[in-house]
Amino acid sequence: MRFKVTVVGAGNVGATLAQRIAEKGYADVALVDIVEGLPQGKALDMLQCGPIVGSDARITGSNSYEITEGSDIVVITSGAARKPGMSRDDLVLTNMNIVRSVVERAIRHSPNCILIIVANPVDAMTHLALNVSRYPRTRVFGQSGVLDSARFRTFIAEELKVSVTDVSACVLGGHGDTMVPVPRLSTVGGVPITELLSEAAVNRLVDRTIKGGGEIVALLKTGSAYYAPAAATAQMVEAVLFDRKEILPCAVYLEGEYGISGTVVGVPCKLGSQGIEQIIELRLTESELAALRKSAESVRELARVMKLE
Ligand code: 2OP
């Protein structure tokens, strides 16, 4: 039997994610959006890829949630995307009402699902989804660190002219300007990049990573990145469905880890069939820890704006 994954939001991230999952054939996909015809049309188009790519996965689109019944995972990508000059935090008031209503409707049909939040500002939206669903924190988490560390890995690999597969990168914190790439724990073939690159080069790559989403928004002008965000989310979906126990950075509600409580922030987690099966507490330096706590405070501020506390 195939798994079932619901993707809410048939925009660029949602549709690209739905296509990635459906084409691999391991899960049926329900694609939901409020725009009439959009999820239906995109789902039908993707379904017709099946004979070409050899996938029997069923993909259906709808404006209502009946088709999502009994999903193993619900991914929430719906909401407005940034325009040039906007920060992700500028989206909070627009997207909070959307995410609240999506969570309420989705969990009615899939009470045992795991919720993966992609809508921005993702840390705050994850906190909201946790409050609305009242699920344990192990079953509600956000995608950001997989994307941010993929960006850092890409830039490191380009700089050192090595394969991306030999690069591992550590990015902690919120998905925004206070993001915390950690060069000391980012390695090429096991060697920290701080031993391979000058301080100026490391700082340049860190800065580009922090501004990685904005760089693409400025180029596209009409929206934000979606290929890498969708690929990052697919990796998390697969880690859960196939019980991979992969260590991936996730936006998760902390309860004392890293000395942070009552807010969502990105830290490495073990992802498996139960969702967040472990939160990994890295040994950080004082300055790394201070940066992570500062980032957590900026997410907490958004939670206050949404009156979550
Ligand atoms: C990004 O960083 C969309 O937030 C996403 O590109």
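The values are calculated or read from the model by the stated rules, or taken from the named source; none is laboratory data. Bear in mind the structure is a predicted one, so any value in this text is a computation, not a measurement. Here the Cβ positions follow ideal geometry from the backbone for every residue, glycine too, while neighbour counts run over all protein chains shown.
Some values worked out for this structure:
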| item | result |
| --- | --- |
| Residues being surrounded by 15 or more Cβ atoms within 10 Å (Cβ to Cβ) and either assigned by TED's automatic domain parsing to the domain that holds residue 222 or assigned to a loop (DSSP other than H, G, I, E, B) (or both) - total across the range 106-122 | 6 |
| Residue in the range 83-105 that is under 20 Å from residue 142 (Cα atoms), away from the ligand (no atom under 16 Å from the Cβ), surrounded by 23 or more Cβ atoms within 10 Å (Cβ to Cβ) and without any contact (Cβ under 8 Å) to a residue 40 or more places away in the chain present | yes |
| Hits in the range 44-97 - residues which are more than 19 Å from residue 23 (Cα to Cα) and among the charged types (D, E, K, R) | 66, 69, 82, 83, 88, 89, 90 |
| Residues of the range 153-180 satisfying the condition of being buried (at least 20 other Cβ atoms within 10 Å of the Cβ), closer than 15 Å to residue 229 by Cα and away from the ligand (no atom under 12 Å from the Cβ) | 153 |
| Filter result for residue 195 (out of contact with any Gly (no Cβ under 9 Å at 6 or more places or on another chain) and of a type in the set (D, E, K, R)) | yes |
| Residue 147 closer than 23 Å to residue 254 by Cβ and touching a strand residue (DSSP E or B) at 6+ places or on another chain (Cβ under 6 Å) | no |
| Tally, over the range 183-221, of residues that are within 16 Å of the ligand (Cβ to nearest atom) and not hydrophobic (A, V, I, L, M, F, W, C) | 9 |
| Residue within the range 113-131 that is free of Cβ contacts under 8 Å to residues at least 60 places away in the same chain and more than 18 Å from the chain's Cα centre (by Cα) present | no |
| Pairs where the first residue, in the range 182-194, is farther than 13 Å from residue 160 by Cβ and in contact (Cβ under 8 Å) with a residue 24 or more places away in the chain and the second is surrounded by fewer than 22 Cβ atoms within 10 Å (Cβ to Cβ) and hydroxyl-bearing (Ser, Thr, Tyr), C-beta under 7 Å, 6+ apart | 184/194 |
| Single unsatisfied condition, residue 252 versus (1) at pLDDT below 95; (2) touching a strand residue (DSSP E or B) at 6+ places or on another chain (Cβ under 7 Å) | (1) |
| Members of the range 66-82 that are within 16 Å of the ligand (Cβ to nearest atom), part of a loop (DSSP other than H, G, I, E, B) and buried (at least 20 other Cβ atoms within 10 Å of the Cβ) | 77, 78, 79, 81, 82 |
| Candidate set from the range 234-283 (those that are hydroxyl-bearing (Ser, Thr, Tyr) and without any contact (Cβ under 8 Å) to a residue 40 or more places away in the chain); member that is nearest to residue 12 (Cα to Cα) | 273 |
| Test: residue in the range 124-146 that is part of a helix (DSSP H, G or I), within 14 Å of the ligand (Cβ to nearest atom), in contact with a Phe, Trp or Tyr (Cβ under 7 Å, 6 or more places away or on another chain) and at negative phi | yes |
| Qualifying positions in the range 158-173 - touching a residue at least 12 places away in the same chain (Cβ under 8 Å) and more than 16 Å from residue 236 (Cβ to Cβ) | 159, 160, 162, 166, 167, 168, 169, 170, 172, 173 |
